[in-house]
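S.K.: Have a look at the structure that comes next, please.
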Amino acid sequence: MVKKILAKSYVYLILILMYIPIFVLIVFSFTNSDSVGIWNGFSLELYSRLFRNEEIMIAVGNTIIIALISAICSTILGTLGAIGVFYSKRRTKALVENLNQIPVVNAEIVMALSLTFMFVFCGSYIFKDNIFSFWTILFGHMVLETPFVYLNVKPKLIQMDPSLYEAALDLGCSPRKAMYKVMLPQIAPGVLSGFMLALTLSLDDFIVTAFLSGPGLLSGAGKIQTISTFIQNSIKKKIVPPELRALTTIIFLVVVIATILVIFYQKRQNNRSSARFLTKEQIKIRNIKRLIIGGISLIILITVISLLIAFI
Amino acid sequence: MKFRFQRKFLAIPYFIFLILFIVLPILFIIYYAFTDSNGFFTFDAVVDFFTSTNKLNVLLLSLMFAMLNTIICLVIGYPIAYILSNTKFNANAVIVMLFVMPMWINFVLRTWATRDVLTWIGLDGGTHPYLATMIGLIYNYLPFVILPLYNVMLKLDKSQIEAAMDLGCNRLQVFTKSIFPQSIPGVVSAAMMVFMPTMSSYVISDVLSEGQVVLFGNLIYLNFSNSQWNYGSFISLFMLALVAISMLISRNFTEKSTTNKKESSKW
């Protein structure tokens, strides 16, 4: 009993320690002082200032746009690659797997540096112009993400039942249709988790963006700033806008909601196998539950997106 | 000849992508590492790296930081992973989720938060650069240790542990003879997740020590921003070699453990 309490308190102690910095920022986002530690009374001023701060809003918008586009591109590329490699000869397979492993283990800064060299070379000898722009960031992020998409899709392909695809062909499907109707639904969970991972990698990235950034996107003539590079730059300049504390709160809320949704999704996946034999009543209740959860999450999503759009 | 659709053709775009954006850039690094600013072949960067006490100091410091960070994270994370995987303490997946959740918040933002709090309690980078950097590193890499360890601990062979107890092992012996050997693959992969990224980390040391602690990543960045590309490339190449070596070592470890399992399953 004592052991159990000790173990539990240890876990919770570390957990609390891990969340302290974020919680401190969140608490001090509800006052209008310039630095953490000074409490000027409750106010929501930082929040209204956050949405009127053009630089931060542009950085947030850039981050989201880059993350979505690069995640979608790398999911398509990685999924097609995984399917193709799965049906290739053993030697091609081994070659691609080894190449795929390089960016996974390689230090991010080395990768960013090597890409910078290549883009500088292309810019000076092939395009005769500075090519650093949204496109270089996009390719940089895709290098970061695609290997992980590949690694997420691969196990699903191995688990897949190959006879289903053949059966579809025998029953008159064209190979393309069989791919859409039979293969894709089977590997969909892997594709989805690959997409989510790609999204988080892109949202979290600092070094690749810092090295490969150029003019373009929402920032116009200046270098493209994402949240990461914006914070780093303002720390360098020693003027960190306190509005960022409000941004932390919002990001934290979004993350919490996303986590809850993921937990629900996993539970549903787990329940699915056991939930095949339900009575009509149970199905009705389940559907209502799903509707409510879906509705709430949809409303939250829409408000977040519309807030973003309204203030950019 | 008529073009026939084959599924393996789908890999062609990805293959081209891999060659263009992963293999080619590394060739550029190799090229720059062994040439001077006029493009002539030279070993200048190599000689410079191994004779400059400054750069060797950075190497030593990064190795120390990486080692310390790995050990501390393992010491803190190992019990947590064990407790969370142990159903006796009826901990569930939600708490694991809570440990992983900070990873989804932008890490520069998290580092900035750590910096603010450390400054508030008087441990700012100006006066305690090493301590502040160490705290930031532990804070950032702890989730990366807990997750792989937890996944391995879930698969611990409970009957072996019970057998060890029945055969008269005391608690310490159960740990050293049964639990720890079984969890070695998790320990190795957790160490891999921490060691190399710590060496090459840039943001954490830069932000938390106000530029006073220079790790390998900072050195590469400094060389790049001072437009000493040749030196920077050689350091990157060195980093790449370190990563490759550590990969080989860890692969050796995991293969050994899988073969061990195969052998034991024969019996």
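The values are calculated or read from the model by the stated rules, or taken from the named source; none is laboratory data. Keep in mind that what you see is a predicted model, and the values were worked out from it rather than measured. Methodologically, a virtual Cβ is constructed for each residue, glycine included, from the backbone with ideal geometry; neighbour enumeration extends over all protein chains shown. Heads up: the accessible areas ignore ligands, DNA and RNA and are worked out on the full protein's heavy atoms, side chains in. Shrake-Rupley method; radii C 1.70, N 1.55, O 1.52, S 1.80 Å.
S.K.: Determine whether region B:225-246 contains at least one residue that is in contact (Cβ under 8 Å) with a residue 24 or more places away in the chain, outside any helix (DSSP H, G or I) and open to solvent by 20 Å² or more (accessible area, probe 1.4 Å).
M.R.: Scanning region B:225-246 turns up no residue that is in contact (Cβ under 8 Å) with a residue 24 or more places away in the chain, outside any helix (DSSP H, G or I) and open to solvent by 20 Å² or more (accessible area, probe 1.4 Å).
S.K.: Can you pull out every residue in region A:29-47 that is in a helix (DSSP H, G or I) and open to solvent by 50 Å² or more (accessible area, probe 1.4 Å)?
M.R.: If the condition is that a residue be in a helix (DSSP H, G or I) and open to solvent by 50 Å² or more (accessible area, probe 1.4 Å), then A:F30, A:E45 are the ones that fit.
S.K.: Do any helices (runs of 4 or more DSSP H) lying entirely in region B:107-208 carry at least 2 residues that are among the hydrophobic types (A, V, I, L, M, F, W, C), under 28 Å from B:V94 (Cα atoms) and within 11 Å of chain A (Cβ to nearest Cβ), and which ones are they?
M.R.: In region B:107-208, the matching helices (runs of 4 or more DSSP H) lie at B:107-120, B:129-154, B:180-199.
Yes or no, residue by residue, for (1) over 18 Å from A:I65 (Cα atoms); (2) at pLDDT 90 or above:
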site: A:A198; (1), (2): no, yes
site: A:S202; (1), (2): no, yes
site: A:L217; (1), (2): no, no
site: A:G220; (1), (2): no, no
site: A:I227; (1), (2): no, no
site: A:V255; (1), (2): no, no
site: A:L261; (1), (2): yes, no
site: A:Q266; (1), (2): yes, no
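S.K.: A further question on this structure: Would you point out which residue out of B:F17, B:F9 is modelled with pLDDT under 85, within 14 Å of another protein chain (Cβ to nearest Cβ) and under 30 Å from A:F86 (Cα atoms)?
M.R.: It is B:F9.
S.K.: Select from region A:113-137 the residues that are among the polar types (S, T, N, Q) and in contact (Cβ under 8 Å) with a residue 12 or more places away in the chain and write down the one among them that is farthest from A:G214 (Cα to Cα).
M.R.: Restricting to residues being among the polar types (S, T, N, Q) and in contact (Cβ under 8 Å) with a residue 12 or more places away in the chain, the top hit is A:T116.
S.K.: Which one of these is under 18 Å from the mean Cα position of the chain (by Cα), more than 14 Å from every other protein chain (Cβ to nearest Cβ) and among the hydroxyl-bearing types (S, T, Y): B:T70, B:T53?
M.R.: Going through B:T70, B:T53 in turn, just one is under 18 Å from the mean Cα position of the chain (by Cα), more than 14 Å from every other protein chain (Cβ to nearest Cβ) and among the hydroxyl-bearing types (S, T, Y): B:T70.
S.K.: Which one of B:R171, B:R115 is surrounded by 16 or more Cβ atoms within 10 Å (Cβ to Cβ) and among the basic types (K, R)?
M.R.: Step by step, each of B:R171, B:R115 is checked, and only B:R115 is surrounded by 16 or more Cβ atoms within 10 Å (Cβ to Cβ) and among the basic types (K, R).
S.K.: So which of B:I76, B:I95 ends up being touching a residue at least 24 places away in the same chain (Cβ under 8 Å), within 14 Å of chain A (Cβ to nearest Cβ) and under 28 Å from B:I184 (Cβ atoms)?
M.R.: On inspection, the qualifying residue turns out to be B:I76.
S.K.: It is to be established whether one or more residues within region A:93-100 are at the interface with chain B (Cβ under 10 Å from one of its Cβ atoms), under 24 Å from the mean Cα position of the chain (by Cα) and surrounded by fewer than 22 Cβ atoms within 10 Å (Cβ to Cβ).
M.R.: Scanning region A:93-100, I find at least one residue that is at the interface with chain B (Cβ under 10 Å from one of its Cβ atoms), under 24 Å from the mean Cα position of the chain (by Cα) and surrounded by fewer than 22 Cβ atoms within 10 Å (Cβ to Cβ), so the answer is yes.
S.K.: Can you report the number of residues in region A:1-27 which are touching a helix residue (DSSP H, G or I) at 6+ places or on another chain (Cβ under 6 Å) and more than 8 Å from chain B (Cβ to nearest Cβ)?
M.R.: Looking only at that region, the number is 1.
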